[in-house]
């Protein structure tokens with residue numbers, strides 16, 4: 001939980017609809033995979049309700065512990081969209097009309113369509129930098145190391161492309177997966193040894209059930225390709241000895 | 001964030017595979033929907049890595065703030081399964097063989113199959129109560145208000161049924177959804193008024209895109225059916241006035 005071990009990020013999913021179980025969050029994996037490719041590792045995700053006090057406190061905790069914080073949700077036009085106002089409060093800055101955002105929305109909507117609800121979407125923390133939205137006009141925003149994105153997955157995805165240059169990551173995190181026709185308990189001891197011999201590599205073991213057959217995925221993650229290769233060959237060694245079928249290695 | 005407003009829960013998803021984006025968490029919505037039906041409201045979800053120190057700290061924060069804590073993941077046989085050990089540390093109790101769990105697993109596996117990895121799954125915090133697993137043998141466990149479940153969604157689901165009597169919830173939380181053929185900004189002002197008139201009801205507004213058409217779902221949540229009905233009729237009033245098409249109300 002410190003900034004010294006690579007570049008880290010937190011994701012804060014803001015929305016009662018996720019907590020209630022009504023909506024299945026998919027933004028976490030979208031943002032995480034994108035950040036991996038930029039050399040940023042997500043070290044925590046929190047899902048919190050649309051409550052100002054909770055948003056303020058959560059943001060002020062995570063923004064100090066992480067290089068980057070990404071929020072999703074709560075930047076639309078309705079009463080439950082309180083992210084921009086809450087983030088302003090967290091940073092103790094004014095919550096006000098962002099002139100650039102106002103212009104973008106003014107151009108996006110026809111004159112008689114640019115109503116009060118839509119105008120609300122031009123409000124951001126004072127001096128926030130905008131994140132452009134190629135899908136539906138209303139921008140996200142950046143203040144310090146906090147990046148605020150919408151909750152609708154397709155819109156969020158469309159906005160990540162333009163953000164790439166804003167992120168200074170470390171070396172991209174490489175992930176290598178070995179799928180085996182076995183059960184976890186069969187390989188647990190040998191895999192523990194490989195992990196102990198390679199302490200700075202992240203090795204995960206995940207059972208799966210596909211088409212009625214069981215198996216285990218071993219996932220090796222590191223920003224150093226050669227370290228992944230060392231683990232890989234140590235794993236293949238015991239797999240070979242135990243005569244375990246390799247389904248796929250990728 | 002206090003225990004006085006109904007019965008609350010936190011969900012802690014333990015697993016690097018969720019943080020890396022490799023695996024899409026679905027356990028949050030499974031547990032949340034199940035808890036809603038028992039009158040328990042999930043007020044926070046955290047996804048954390050397979051790091052003992054982080055698990056210990058997180059559990060010790062959330063177990064004091066919530067009536068119930070549910071963890072998923074990290075109770076299998078491999079080196080990255082450190083939930084039981086970490087929870088023992090959080091509660092400052094011994095991490096040891098649970099005799100009941102050992103018996104269950106001994107009966108579940110053939111004699112020559114009950115290897116070291118599988119025996120590891122019988123270790124729990126001292127005096128933990130078991131959560132039976134009708135799918136794959138290895139039990140979860142309960143210590144104080146913390147309920148530890150596996151990460152594999154199908155196994156987790158199969159274990160919730162047996163847990164029902166362990167949970168003392170409040171009144172079940174009822175959710176009512178009104179789907180409208182409109183955009184959020186069209187109804188934002190009127191919906192804000194309804195929320196202001198019904199402060200103790202949770203009203204959410206969620207845009208959707210289905211089959212090329214846009215719409216808005218208004219979700220009303222409360223444990224009091226009559227309060228939902230009041231909101232419902234106030235919403236239908238402005239929907240009617242604005243001549244907005246109702247797609248479905250459920």
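For the reader, a short list of remarks on this structure follows.
- Looking across B:154, B:205, one residue alone is under 30 Å from residue A:214 (Cβ atoms) and within 12 Å of another protein chain (Cβ to nearest Cβ). It is B:154.
- Test: residue B:51 is more than 25 Å from residue B:174 (Cα to Cα) and surrounded by 23 or more Cβ atoms within 10 Å (Cβ to Cβ): no
- Scope the range A:38-51; condition under 22 Å from residue A:87 (Cα atoms), in a strand (DSSP E or B) and either over 8 Å from the mean Cα position of the chain (by Cα) or not assigned by TED's automatic domain parsing to the domain that holds residue A:72 (or both); matching residues: A:43, A:44, A:46, A:47, A:48
- Residue within the range A:56-77 that is modelled with pLDDT of 95 or more, in a helix (DSSP H, G or I), surrounded by 20 or more Cβ atoms within 10 Å (Cβ to Cβ) and within 12 Å of chain B (Cβ to nearest Cβ) present: yes
- Filter result (surrounded by 15 or more Cβ atoms within 10 Å (Cβ to Cβ), farther than 12 Å from residue A:234 by Cβ and either more than 12 Å from chain B (Cβ to nearest Cβ) or touching a strand residue (DSSP E or B) at 6+ places or on another chain (Cβ under 8 Å) (or both)) within the range A:175-185: A:175, A:176, A:177, A:179, A:180, A:182, A:183, A:184
- If you go through the range B:191-201 and keep only what is crowded, with 17+ Cβ neighbours inside 10 Å and in a helix (DSSP H, G or I), you end up with B:191, B:192, B:194, B:195.
- Residue match in the range A:229-238 (condition: more than 12 Å from every other protein chain (Cβ to nearest Cβ) and buried (at least 20 other Cβ atoms within 10 Å of the Cβ)): yes
- The range B:103-127: number of residues that are touching a helix residue (DSSP H, G or I) at 6+ places or on another chain (Cβ under 9 Å), surrounded by fewer than 17 Cβ atoms within 10 Å (Cβ to Cβ) and modelled with pLDDT of 95 or more: 1
- Scanning the range B:11-37 for residues that are within 17 Å of residue B:51 (Cβ to Cβ) and under 9 Å from the mean Cα position of the chain (by Cα) yields a count of 1.
- Filtered by the rule that a residue be in contact with a helix residue (DSSP H, G or I) (Cβ under 7 Å, 6 or more places away or on another chain) and assigned to a helix (DSSP H, G or I), the range B:202-250 gives B:231, B:234, B:235, B:238.
- Here residue B:93 meets each of (1) assigned to a loop (DSSP other than H, G, I, E, B); (2) within 13 Å of chain A (Cβ to nearest Cβ); (3) surrounded by 16 or more Cβ atoms within 10 Å (Cβ to Cβ) with one exception, condition (2).
- Total residues in the range A:128-174, condition buried (at least 19 other Cβ atoms within 10 Å of the Cβ), closer than 18 Å to residue A:95 by Cβ and either without any contact (Cβ under 8 Å) to a residue 12 or more places away in the chain or over 17 Å from the mean Cα position of the chain (by Cα) (or both): 4
- Counted residues, the range A:38-50 - those being more than 8 Å from every other protein chain (Cβ to nearest Cβ) and farther than 13 Å from residue A:9 by Cα: 0
- Meets criteria (in contact with a helix residue (DSSP H, G or I) (Cβ under 8 Å, 6 or more places away or on another chain) and on the phi < 0 side of the Ramachandran plot) for residue B:81: yes
- Candidate set: the range B:7-37, residues that are over 27 Å from residue A:9 (Cβ atoms) and part of a helix (DSSP H, G or I); chosen: the one nearest to the other protein chains (Cβ to nearest Cβ): B:33
- Residue match in the range B:35-55 (condition: closer than 14 Å to residue B:149 by Cβ and touching a residue at least 40 places away in the same chain (Cβ under 8 Å)): yes
The values are calculated or read from the model by the stated rules, or taken from the named source; none is laboratory data. These numbers were taken from a predicted model, which means no experiment stands behind them. Virtual Cβ from ideal backbone geometry, glycine too; neighbours counted across all protein chains shown.
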